[in-house]
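Below: the structure, in structure tokens.
The values are calculated or read from the model by the stated rules, or taken from the named source; none is laboratory data. In this text the structure is predicted, and so the values were computed from the model without any measurement. Neighbour counts run over all protein chains shown; Cβ positions are idealised from the backbone, glycine included.
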Amino acid sequence: MELGFHETKGLFLAEELKTIHQKSRNSLQPIFEAIMNSFEAIEILSKGKISIEFNIHKDLFTEPDGETQTEKCYFKNITISDNGIGFNEKEFTRFYTLRDNSKNKNNKGTGRIQYLHSFETTKFISTYKDSKSSTGFKQCIFNLSKSPVFLRHNSLVNVEKNDEIVSKNTGTTVIFTNPIGKKDDDNYANLSVETIKDQIIKYFLSYFCENKDSLPKLTISRIIDNAIEQSVSITGNDIPTPRHTEPLLINYSVLEGNKIVSLARKERFSITVFSIEDKKLPVNNIVLTSKGTEAKRYDIESLLPNEKIDGHRYLVLISGNYINDKDSDLRGDIKILTSEQYIEQNKETFDPDEVILLDTLLKSANTKLRSLCPEIDKKFEEKKGRLDDLKKMFLLNEQSVSEADVKIDDSDEIALRKVYQADAKLAAKKDAALKNLLKEAENLNPENNETYQQDITALSKKMVSALPLKNRNELAQYIARRRIVLTYIDKVLESQKKMLKDSGRISEKLLHNLIFQQSNADPENSDLWFINEEFIYYKGFSNVQLSLITIDGELIFKDEFSAEEERYLTSLGENRLIKKPDILLFPDEGKCIIIEFKALDVNVSDHLTQINKYAYLIANYTKKKYKINTFYGYLIGEAIEPGDIYSTGTGNWERSPHFDYMFRPSQYVRSDKGAIVGSLYTEVIKYSTLLARAKKRNEIFIKKLENSKQLSYVSETVETVK
């Protein structure tokens, strides 16, 4: 083993390092890699010793105020020692050769990569047997780094020493110093030994379970200024006992044409199931393990991540040579393809490889888990029943459900969203099916057909199933929203009336915002249908000042005014164009709807001219191109007395004989010269009257959906969103 830098032949390391996998997001990954190397180096596991030391320095830190001082921990290094065989010539050669996997096909040198990306320098002090040494032992000291001084020599390794040494034991000490990431530096300085212990057990759980009765003595210490602050050990007692360990046989698959076919050939895996107290296991997971270490985590099909049964959660470990073979340079980056990935990679391949698909592996693991744990199978059946109810409730098309890959533990919202997406992909096929059903409907003949009514019912169900789910459920949600709004307005009116009796404060904004949110310009997404069904289709604005009102993006009021117009608009200490009508709607060219809300305790008769003034401003001061001259006004409140309205003398008010409101037939809108420039029709109506009318209009639809049980579900969903 020569001293100095060991140049890498055939590779330009500065460029090569850019292509290999980057640093793991887990700051403890280098420590895991070092522990794994120690396990592999220990010849008789039960006689092994592994020591992990986090060395910390404490010092006073001056706070930003420049006066307060607090004691702060600073990271020095991490030292991992073992009594393994050490780095002999063969092991050292393998170590400094980038991408070397000669140790075995599953050992890809992932440790070296993580050391390089995580620390500026990693030092190795290793004692190994050497038959050529006069003492029988040698000690080598070398450093691993990707710093500029190393790369100038096209090297990652620099050997400081390789001398004979008097010793009875072999072993290696790895020292990590100077973390490259500032977050890692702080993290290492403040980790507790219990946290490190928990993370190590979690990562190596599969390995520990396999070797529970022969584990090496593994200690973790936190050392502050050379004094041990905390120290813990990992023993067989810390490792949970598996509830089940069973073989798991998985069929290989291959792509034939554009279809995946399952083969008779099988691969052997092992499934290990743990049932652990929820305090010790925060989530349920299926974990693929590689060489005894955690590689990839997946959800259990029939359990939510944090769901528990009788105070326990479940950890399922899947291991096998196939997973080991598919591990990459970055340990845990398993290259097992999903069906979709496999098809995409092989769609132009003449002879695709036979593979184990991730979908197949996970599905088989979940099926096996349910057979081993009856309580999980019970949960599965419950959730499957709920999904079946969802299919019936929404008349979900079976093909869409199948294409959507709905999981048993998907929430109703997620399940429906998946089906909507799948439904959209199947739209063309469904259009053709719908066309055929319409032809079938044309052929229905009511004459001399005793089953005509039954035929219509059956055909209508088929047609509903063929319609895009998104359209069906948007309609259901729309009607559900209406019921919620009507219920809410009813409650608001009752509560405000009660407040009025109790001399409380009454606000018009509450109902205004519910019907059409203030500062909004999107009537279609409002609840203006409460007043009139047609209003949601018009362009409009809620509580926006007159000077900012636009039609098709253009301001409707004139850009310039005459001196007399300017005088009037700002006379009597007012600025009339910054006034904000509650709602303005523009149903058609030359038309405008003006709506004003009043609080329940306000006498509406005191505000009969408010709408007239807005109509006057719009008719006289907007651009001529708009020619807005036909106005419809709605003054809405609850304190309405016909006698008060008649007594104002503000026009020829009449009382509707049927729908409990007052109206004033068309009245002239004039210019400042007295010329007729428009007409205004006005209604004065109560909130309670509008509520009764809206309930009547929507009653038939709400009853239909309530009878199908669909509305109650959608109502709950909408109410949650609101």
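Within segment 27-86, the residues that satisfy the criterion of being small (Gly, Ala, Ser) and at negative phi are Ser27, Ala34, Ser38, Ala41, Ser46, Gly48, Ser51, Ser81, Gly84.
I'd like to know if segment 81-97 contains one or more residues that are of a type outside the set (S, T, N, Q), at pLDDT 90 or above, more than 15 Å from Thr173 (Cα to Cα) and in a strand (DSSP E or B). Looking for residues that are of a type outside the set (S, T, N, Q), at pLDDT 90 or above, more than 15 Å from Thr173 (Cα to Cα) and in a strand (DSSP E or B), one finds none in segment 81-97, hence no. Number of residues in segment 1-33 that are charged (D, E, K, R) and in contact with a Cys (Cβ under 8 Å, 6 or more places away or on another chain): the value is 0.
Candidates Tyr614, Tyr568: the one that is part of a helix (DSSP H, G or I), closer than 26 Å to Asn525 by Cβ and of a type in the set (Ser, Thr, Tyr) is Tyr614.
Residues in segment 10-20 include none that are at pLDDT 90 or above, over 21 Å from Gly236 (Cβ atoms), in contact with a strand residue (DSSP E or B) (Cβ under 7 Å, 6 or more places away or on another chain) and surrounded by 15 or more Cβ atoms within 10 Å (Cβ to Cβ). Whether a residue is touching a residue at least 24 places away in the same chain (Cβ under 8 Å), among the β-branched types (Val, Ile, Thr) and farther than 30 Å from Lys501 by Cα was assessed, and Ile618 passes this test.
Checking the stated criteria, Asp377 turns out not to satisfy the condition of being exposed (fewer than 13 other Cβ atoms within 10 Å of the Cβ) and of a type in the set (D, E, K, R). Cβ-Cβ contacts under 6 Å between residues 6 or more apart (or on different chains), taken from a first residue in segment 197-212 that is assigned by TED's automatic domain parsing to the domain that holds Ser231 to a second residue that is small (Gly, Ala, Ser) and part of a helix (DSSP H, G or I), are listed as Lys212/Gly236. Of the residues making up segment 110-158, those that are touching a residue at least 24 places away in the same chain (Cβ under 8 Å) and outside any strand (DSSP E or B) number 20.
Sort out which residues of segment 630-665 are small (Gly, Ala, Ser) and more than 55 Å from the chain's Cα centre (by Cα), and write them in order of number. Hits for segment 630-665 are Gly643, Ser647, Gly649, Gly651. Within segment 336-350, the residues that satisfy the criterion of being assigned to a loop (DSSP other than H, G, I, E, B) and within 27 Å of the chain's Cα centre (by Cα) are Ile336, Leu337, Thr338.
Taken over segment 581-609, the criterion of being hydrophobic (A, V, I, L, M, F, W, C) and assigned to a helix (DSSP H, G or I) is satisfied by Val604 alone. Within segment 29-80, the set of residues being over 20 Å from Arg94 (Cα atoms), surrounded by 11 or more Cβ atoms within 10 Å (Cβ to Cβ) and among the hydroxyl-bearing types (Ser, Thr, Tyr) comprises Ser46, Ser51, Thr62, Tyr74, Thr79.
Residue check: is Glu294 crowded, with 18+ Cβ neighbours inside 10 Å, farther than 22 Å from Asp327 by Cβ and modelled with pLDDT under 95? No, not satisfied. Of all residue pairs spaced 6 or more apart or on separate chains, those with beta-carbon atoms under 6 Å, a first member in segment 291-302 that is assigned to a loop (DSSP other than H, G, I, E, B) and a second member that is hydrophobic (A, V, I, L, M, F, W, C) are Ile300/Ile286; Glu301/Ile408; Ser302/Ile376; Ser302/Phe380; Ser302/Ile408. Anything in segment 515-545 that is hydroxyl-bearing (Ser, Thr, Tyr) and more than 19 Å from Tyr488 (Cα to Cα)? List them, or say none. Hits for segment 515-545 are Ser519, Tyr537, Tyr538, Ser542. Could you tell me whether segment 679-700 includes any residue that is part of a helix (DSSP H, G or I), over 26 Å from Phe597 (Cβ atoms) and modelled with pLDDT under 85? Yes: one or more hits. Of everything in segment 520-538, what is of a type outside the set (A, V, I, L, M, F, W, C), surrounded by fewer than 17 Cβ atoms within 10 Å (Cβ to Cβ) and outside any helix (DSSP H, G or I)? Give them in sequence order. Those that are of a type outside the set (A, V, I, L, M, F, W, C), surrounded by fewer than 17 Cβ atoms within 10 Å (Cβ to Cβ) and outside any helix (DSSP H, G or I): Asn520, Asp522. Candidates are the residues of segment 392-404 that are surrounded by 13 or more Cβ atoms within 10 Å (Cβ to Cβ) and closer than 24 Å to Glu340 by Cβ; the one that is modelled with the lowest pLDDT is Asn397. Among residues that are assigned to a helix (DSSP H, G or I), within 30 Å of Ile200 (Cβ to Cβ) and touching a Leu at 6+ places or on another chain (Cβ under 7 Å), Lys368 is included. The single condition among (1) in contact (Cβ under 8 Å) with a residue 24 or more places away in the chain; (2) out of contact with any Gly (no Cβ under 8 Å at 6 or more places or on another chain); (3) surrounded by fewer than 20 Cβ atoms within 10 Å (Cβ to Cβ) that Asn237 does not meet is (1).
Checking Leu500, Leu511, Leu486 one by one, the residue that is within 35 Å of the chain's Cα centre (by Cα) and under 14 Å from Glu638 (Cβ atoms) is Leu511 and no other.
If you check Gly320 against the conditions, is it at pLDDT 90 or above and either assigned by TED's automatic domain parsing to the domain that holds Ser411 or of a type in the set (Gly, Ala, Ser) (or both)? Yes, satisfied. For Lys623, indicate whether it is in contact (Cβ under 8 Å) with a residue 60 or more places away in the chain, assigned by TED's automatic domain parsing to the domain that holds Arg567, of a type in the set (D, E, K, R) and farther than 23 Å from Asn513 by Cα. Judged against the criteria, Lys623 is a match.
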